1. Among the residues of segment 175-200, which ones are farther than 25 Å from G100 by Cβ and more than 10 Å from the ligand (Cβ to nearest atom)?
2. Please go through segment 219-243 and pick out each residue that is crowded, with 21+ Cβ neighbours inside 10 Å, assigned to a loop (DSSP other than H, G, I, E, B) and within 15 Å of the ligand (Cβ to nearest atom).
3. Quick check: is even one residue across segment 78-86 in contact with a strand residue (DSSP E or B) (Cβ under 7 Å, 6 or more places away or on another chain), open to solvent by 20 Å² or more (accessible area, probe 1.4 Å) and over 21 Å from A136 (Cα atoms)?
4. Taking the conditions exactly as written (of a type in the set (S, T, N, Q) and within 16 Å of the ligand (Cβ to nearest atom)), does S114 satisfy them or not?
5. State which residue pairs qualify: first residue under 19 Å from G198 (Cα atoms) and near the ligand (Cβ under 9 Å from one of its atoms) and inside segment 152-173, second residue open to solvent by 20 Å² or more (accessible area, probe 1.4 Å) and part of a strand (DSSP E or B) in any location, beta carbons under 9 Å apart, and separation of 6 or more residues or different chains.
6. In the list I6, I33, I93, I63, which residue meets the criterion of being open to solvent by less than 20 Å² (accessible area, probe 1.4 Å) and without any contact (Cβ under 8 Å) to a residue 60 or more places away in the chain?
7. Across segment 205-218, what is the number of residues that are near the ligand (Cβ under 9 Å from one of its atoms) and open to solvent by less than 40 Å² (accessible area, probe 1.4 Å)?
8. Name the pairs whose Cβ atoms lie under 7 Å apart, with the first residue in segment 174-186 and assigned to a helix (DSSP H, G or I), the second open to solvent by 30 Å² or more (accessible area, probe 1.4 Å) and charged (D, E, K, R), and 6 or more positions between them or separate chains?
Amino acid sequence: MPRFFIDEKPQGENITITGEDAHHITKVLRMKINEQLVICDSKGNDYNCQIESLQKDCVCCKIIETTQSVGEAKTDVILYMALPKGDKMDFIIQKAVELGAKKIVPYIAKRSVSRPDEKSMHKKCDRWRKIAKEAAMQSGRGIIPEVCDVLSFKDAVKQASECQFALFLYENEQETSIKNVLSKKEISSVALMIGPEGGFDESEVKLAVNANMKSVSLGKRILRCETAPIVSLSIVMYESGSI
Ligand code: SAM
């Protein structure tokens, strides 16, 4: 059933959808009166609704049943992703949302090749937010994960290190595996920091470790920068019982 998001709990038994979502319902999905859809209030509630009236940019629905959103992970996982080349970030964001990430924070690493100017950065972030919304609708999430504005590496590390498990996925880490750090632990919040195609610079490793991030390995093979987020998110979701 089609899924849409509103920002707050509805008052009463009706919900009105406007704007591009209303357009999507009427013009793209061509839904009809009495057809049903799910509206999610991003606060943990799903509302099974029936369409009562349809205009081009306004759809009025009646709540039939209220249930708990089941698409959210128990653990807050935030993905800190170095800007990759091309449109890999589109793919990474889509998979991170499907896998249950709560927030995605793009940052610029020393070896990030892609360095768009402010204007194109805003355009990219807008596109990434659209991808996150579509992936949340498709995968049955209870929220639309936030895609933050691009941070500097330093600010990303400062923010990431506030998590209970602040994991720095380092391709040259020889001792500590992600398994050593996470297995059999009560996990409430995890930051996953992934580098760009060129990996991390020694000075970045130092700064992250000095900020109490934990350098961990995903094994002996070098994963692509678009593979590493999928693997590490899957591991965290599995270890914390969300997969
Ligand atoms: N240029 C680096 C090299 O050849 O060693 C590889 C960087 S890798 C393509 C991109 C990012 O994915 C890395 O910075 C790291 O965050 C993550 N990654 C890839 N393989 C990993 C592994 N085996 N252990 C931990 N992190 C890994």
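The values are calculated or read from the model by the stated rules, or taken from the named source; none is laboratory data. Predicted model, so just to flag it, every value in this text is computed and none were measured. Please note: Cβ atoms are built from the backbone with ideal geometry, for glycine as well, and neighbour counts cover all protein chains shown. Areas reflect the complete protein model, heavy atoms only, side chains present, ligands, DNA and RNA absent. Shrake-Rupley method; radii C 1.70, N 1.55, O 1.52, S 1.80 Å.
1. E175
2. Correct list: C225 only.
3. There is no residue in segment 78-86 that is in contact with a strand residue (DSSP E or B) (Cβ under 7 Å, 6 or more places away or on another chain), open to solvent by 20 Å² or more (accessible area, probe 1.4 Å) and over 21 Å from A136 (Cα atoms).
4. yes
5. F168/K214
6. Exactly one of I6, I33, I93, I63 is open to solvent by less than 20 Å² (accessible area, probe 1.4 Å) and without any contact (Cβ under 8 Å) to a residue 60 or more places away in the chain, namely I93.
7. Counting residues in segment 205-218 that are near the ligand (Cβ under 9 Å from one of its atoms) and open to solvent by less than 40 Å² (accessible area, probe 1.4 Å) gives 3.
8. Sorted first by the residue in segment 174-186, then by its partner, the pairs are V181/K214; L182/E239.
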